Ligand code: UDX
Ligand code: UDX
């Protein structure tokens, strides 16, 4: 296998963009072209003053500044960059199917298939194809079949010269910490059969990752490991969220419980923060996939077991709305609630599967007015997620129902009856409770679903405080 000089990545999203940026930064000898069919997205990546990058990640902007148009390029010219590449990463989205067989559970692989067909059509010479997207087990088989059939049916010269090797190299980056996760990974997993191709990919990572952190497996084990890693992580969140409700009922403190159990090395301290439910593009989709695969192999009990992780997650979101209504005298109609945090977690502008979407919709259903602030999520994104247009306040200052987009915490809280904190952005820790309450209508509530509020300070300023997993306040 020749040395890798040119990489093409299909898909300039939350995974493809940051991953390729870090590879470009750590491997100045490799030229990387990130291609996407979405022209707007590519234009945003090429934004000269870096203000409109489509993905927000701490540290990403700096890398783009260093590498863009040196050895990192963003382009819509899919054909050209596939033709020139020694190695192609597939990083396109694989949403849950909305209709047909497996609707609501199986992954829709049409974009993967489309990418494989494009590679089959345009690739020249020896090409290593790397699956980066999270995929159901055995997808590599589909990619292989499409690529190898292109060798049989393509023009004569392709047949003789082309060779494909397929590798699975799942991403384990978490949004909000993507750059750090990529620069200092716990492990890099490479699945495949062709030793030379595995070595070529390994050589890229060895530019900054220690050899003992790079593990190699067969293709299927690699694909399955990714699904299972996400399922286990999601399961931890659902476990601690279920215990948050028990803590509230029994006057215990979920943080203390998490701390006490986490000090047991066998359990570990990470990923034990109770919250409003997990979101993000992966957890739900991957568990649905796992459930689908288990059912497919007749493992009904296993499928049911994992499905419960999702049920608890939905229940957690629903119970929060009920609780807010209950605490506010059983009625929120005509009241204003400030929502702090709309992305599915802090340090990202991604709102996919964000618990805020369900919670905001449920609160709006109860007739209240929402004032929504998130440091990175743009107005249009919230409009599209809620599928309801914002309604401005009328000239007499009356709320007409609906919601408004606020540009700052100060703006958001004006005239509010309550604040609900849904993500743990730094600026939501230790708010200036005194100033904030002076702008609100009394009595005022803070509902803290992320345990970021300084309860004593908030109470001292006059707030009623409800904090997840410790509402014995
Ligand atoms: C997606 C999946 O959600 C995740 O499970 C997987 O691990 C990686 O791919 P993400 O990068 O977050 O993650 O998706 P997204 O931000 O939607 O980016 C995918 C990009 O692929 C989009 O910009 C889309 O335009 C592009 N795409 C899709 C193509 O360029 N060609 C296609 O044929 C299909
Ligand atoms: C996840 C995996 O962590 C990552 O390895 C994989 O590649 C993609 O899926 P991501 O979804 O980006 O990453 O973020 P993550 O940090 O895992 O958080 C997922 C959700 O769980 C968020 O909504 C987060 O707020 C929630 N969460 C996480 C908790 O509620 N409590 C925790 O202790 C941890």
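Each reported figure results from applying straightforward, stated rules to the coordinates on display, with no laboratory input. What you are looking at is a predicted structure, and each value in this text was computed from that prediction instead of being measured. FYI the Cβ positions are ideal-geometry reconstructions off the backbone, even for glycines, and counts take in every protein chain you see.
Values as computed for the structure displayed
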{"quantity": "Region 278-325 - convex hull of the alpha-carbon atoms, volume per residue in Å³", "calculated": "58 Å³"}
{"quantity": "With Cα atoms, 0 to 90° folded angle of helix 300-327 axis to the chain main axis", "calculated": "30 degrees"}
{"quantity": "Fewest-first sequence of 360, 294 by Cβ atoms within 10 Å of each Cβ", "calculated": "294, 360"}
{"quantity": "Between helix 16-26 and the chain: long-axis angle, C-alpha atoms, 0 to 90°, nearest 10", "calculated": "70 degrees"}
{"quantity": "Percent RCO, i.e. relative contact order, over the chain, from Cα pairs under 8 Å lying at least 6 residues apart", "calculated": "12 percent"}
{"quantity": "Inverse of mean 1/r across different Cα pairs in region 1-57, Kirkwood, Å", "calculated": "12.0 Å"}
{"quantity": "Computed over region 218-473: relative contact order in percent, which uses C-alpha pairs under 8 Å that are six or more apart", "calculated": "20 percent"}
{"quantity": "Computed over region 220-344: relative contact order in percent, which uses C-alpha pairs under 8 Å that are six or more apart", "calculated": "27 percent"}
{"quantity": "Ellipticity estimate at 222 nm from DSSP helix runs (n ≥ 4, -39,500 (n - 2.57)) divided over the chain, nearest 500", "calculated": "-13000 deg cm²/dmol"}
{"quantity": "Neighbour-count order for 421, 179, fewest beta carbons within 10 angstrom listed first", "calculated": "179, 421"}
{"quantity": "Degrees separating the helix 219-250 axis from the principal Cα axis of the chain, which is the longest one", "calculated": "10 degrees"}
{"quantity": "Overall dimensions of region 6-217 as given by Cα atoms, namely Rg and Dmax in Å", "calculated": "16.7, 48"}
{"quantity": "Computed log₁₀ I(q)/I(0) - Debye formula, equal Cα scatterers, no solvent, region 155-313, q 0.11, 0.16 Å⁻¹", "calculated": "-0.60, -1.06"}
{"quantity": "Region 38-79: projected area of the alpha-carbon convex hull, averaged over directions, in nm²", "calculated": "3.1 nm²"}
{"quantity": "Residue exposure sequence - 81, 296 - by fewest surrounding Cβ within 10 Å", "calculated": "296, 81"}
{"quantity": "q = 0.06, 0.09, 0.12 Å⁻¹, the chain: log10 I(q)/I(0) [Debye, one scatterer per Cα]", "calculated": "-0.30, -0.67, -1.09"}
{"quantity": "Distance histogram for region 218-473 (every C-alpha pair counted, 5 angstrom bins, percent rounded to whole numbers)", "calculated": "1, 6, 13, 17, 18, 16, 12, 8, 5, 3, 1, 1, 0, 0"}
{"quantity": "Inverse of mean 1/r across different Cα pairs in region 331-455, Kirkwood, Å", "calculated": "14.4 Å"}
